[in-house]
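So the structure is just underneath, and the comments pick up after that.
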Amino acid sequence: MKKHIVTLPGDGIGPEIMKSAEALLKAVGEKFNHEFTAVTKDIGGVAIDKYNDPLPKETIEACESADAILLGAVGGPKWADSKARPEQGLLKIRKHFNLFANLRPVTIFDSLEASSPLKQNIVHGSDLMIVRELTGGLYFGQPSERRDGGRSVVDTLTYTHDEIERIVRTAFDTAMTRRKHLTSVDKANVLESSRMWREIVNTVSKEYPEVTVEHELVDAAAMKLITNPAYFDVIVTENLFGDILSDEASVITGSLGVLPSASLSETGLGLFEPIHGSAPDIAGENKANPIGMMLSVGMMLKYSFNLHEESAAIEKAVNQVLSEGFKTADLKIDGAATLSTTEMTEKIISCL
Ligand code: NAD
């Protein structure tokens, strides 16, 4: 298979972990006989420095002719007071490519269970996927403004039927590749938008008789995520609820550094990135954990290129390295040897 990828290293530790992604792609290409080509472009703070624009035209054009996009991270104190913000680059690229489906897997590696803020018996066996609607709802609805000279305010939660249906279908398709258990999260006891969401989930569910579907109110789901995370398989929810629940779910793993994500469009173009930020406090020190970035490569192979065996091989290699007693500085694993970014990358690649 031949595929072309745009890499957007961004800021802080972004360039360091992107090197890990590139080395991994090269190794997967050689092992499984694929040709991956890549071109590097700017986004975020580094793009503001060069172009005075967090998402320059050149970057958009390169992404338009790519099969997938890999992103490191953006932001940092250097741009705290600049007019253009690095994070605008992220919002713009999601909007430009209509990346409506955000997939956030939350897997607890056995060797990391003790790092979770939850008790080990509660977190044990947790392996869930949050499917969040990313381009609609309260974050984009208009009007969104102050009124009456600042004495009142309005935000608008709006969705079309099609916007809800496409994210719900993505979630059912995802559930079909997993344990076939879908929890749709809403606030149907209060919000009309949630009642419409529920109706659409029920209608689409008729096409997926193998998937067990349930509806959960967002407040109840937030509690269950910390009292019984292993209960969940796939969660589907709208933008605001998904934003909050996916961050809540990610902290139970005990390390931001190991979690990947995918943002998918209807055309099949996807953007893959670790969930953490640019970690300016450790940038340039060869200390960053490359696992979230490397698992993002795994998600790209699976979701954009349909390369399931290759993706599973990456997950297996990561698991093996952690369980053999190796870690990066951010992870707490008793007795494990601490590796640098480059050493961890080589170790994972050697286990492929
Ligand atoms: P952060 O995720 O960058 O860092 C939080 C803490 O986790 C830091 O102590 C950091 O050292 C550590 N950490 C994060 N990733 C790590 C890794 N791979 N390996 C080892 N340690 C890691 O969050 P923050 O400090 O709140 O934000 C820093 C900058 O990143 C800000 O400018 C923020 O806006 C930006 N940010 C960007 C994204 C993104 O690009 N998607 C996401 C979140 C934050």
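Ligands, DNA and RNA left out, the 1.4 Å accessible surface of the chain is 51% carbon and sulfur atoms.
Among residues other than PRO77 whose Cβ falls under 12 Å from its Cβ, what is the net charge (Lys/Arg +1, Asp/Glu -1)? Neighbourhood net charge equals -2.
The C-alpha radius of gyration of the chain, expressed as a fraction of 2.2 N^0.38 Å, stands at 0.99. Among beta bridges from DSSP that stay inside the chain, the antiparallel ones total about 40%. Straight Cα distances below 17 angstrom link LYS180 to the aspartates and glutamates ASP127, GLU207, GLU210, GLU214, GLU216, ASP233, with same-chain residues fewer than 8 positions distant left out. A 1.4 Å probe run over the protein chains yields, for the chain, 44 Å² of accessible area per residue, whole-number rounding. State the answer as a single residue: which of THR158, VAL28, MET294 lies farthest towards the positive end of the charge dipole of the chain, with beta carbon charges of +1 for Lys and Arg and -1 for Asp and Glu, about the Cα centre. The Cα lying farthest towards the positive end belongs to THR158. Rounded to the nearest 20 debye, the dipole magnitude of region 273-352 is 80 debye, with +1 charges on Lys and Arg beta carbons, -1 on Asp and Glu beta carbons, and the Cα centre as origin. The residue list ALA84, SER263, ASN202 was ranked by how far each Cα lies along the charge dipole of the chain toward its positive end, using unit charges on Cβ atoms, and ALA84 comes out on top.
Nearest 500 deg cm²/dmol is fine: what mean residue ellipticity at 222 nm does the chain get from its DSSP H runs of n ≥ 4 alone, each adding -39,500 (n - 2.57), divided by its residue count?
Values: 12 runs with 141 residues, N = 352.
That calculation yields -12500 deg cm²/dmol at 222 nm.
Taking the DSSP beta bridges in region 100-240 as the whole, what percent of them are antiparallel, to the nearest 5? About 45 percent, rounded to the nearest 5.
A simple charge model with +1 on the Cβ of Lys and Arg, -1 on the Cβ of Asp and Glu and nothing else charged puts the dipole of region 44-195 at about 320 debye relative to its Cα centre. Note on region 115-227: dipole from Cβ charges, positive end direction compared against ALA220, PHE140, ALA188; the farthest Cα belongs to ALA220. Cross-link reach is defined here as a Cα-Cα straight distance under 28 Å, omitting same-chain residues fewer than 8 places apart; for LYS83 the lysines meeting it are LYS41, LYS50, LYS57, LYS92, LYS95. Note that region 281-352, at 37 °C in a medium of 0.692 mPa s, gets a Stokes-Einstein diffusion coefficient of 260 µm²/s from its Kirkwood radius over C-alpha pairs.
Among the listed pairs LYS187/LYS224; LYS31/LYS287; LYS31/LYS347; LYS2/LYS31, those with a Cα-Cα distance over 21 Å are LYS31/LYS287. Counting Lys and Arg as +1 and Asp and Glu as -1 over every other residue whose Cβ lies under 14 Å from the Cβ of ILE282, the net charge comes to -4. Legend: helices of the chain (whole DSSP H runs) are marked when their alpha-carbon atoms reach 27 angstrom or more along the helix axis and their mean Kyte-Doolittle hydropathy is at least 0.0; nothing is marked.
Report the Cα centroid-to-centroid distance between region 67-106 and region 285-352 in angstrom, as an integer. Centre-to-centre (Cα) distance: 23 Å.
The values are calculated or read from the model by the stated rules, or taken from the named source; none is laboratory data. None of these values were measured; they are calculated from a predicted model. Neighbour counts run over all protein chains shown; Cβ positions are idealised from the backbone, glycine included. The area values use the complete protein model at the heavy-atom level, side chains included, leaving out ligands, DNA and RNA. Shrake-Rupley method; radii C 1.70, N 1.55, O 1.52, S 1.80 Å.
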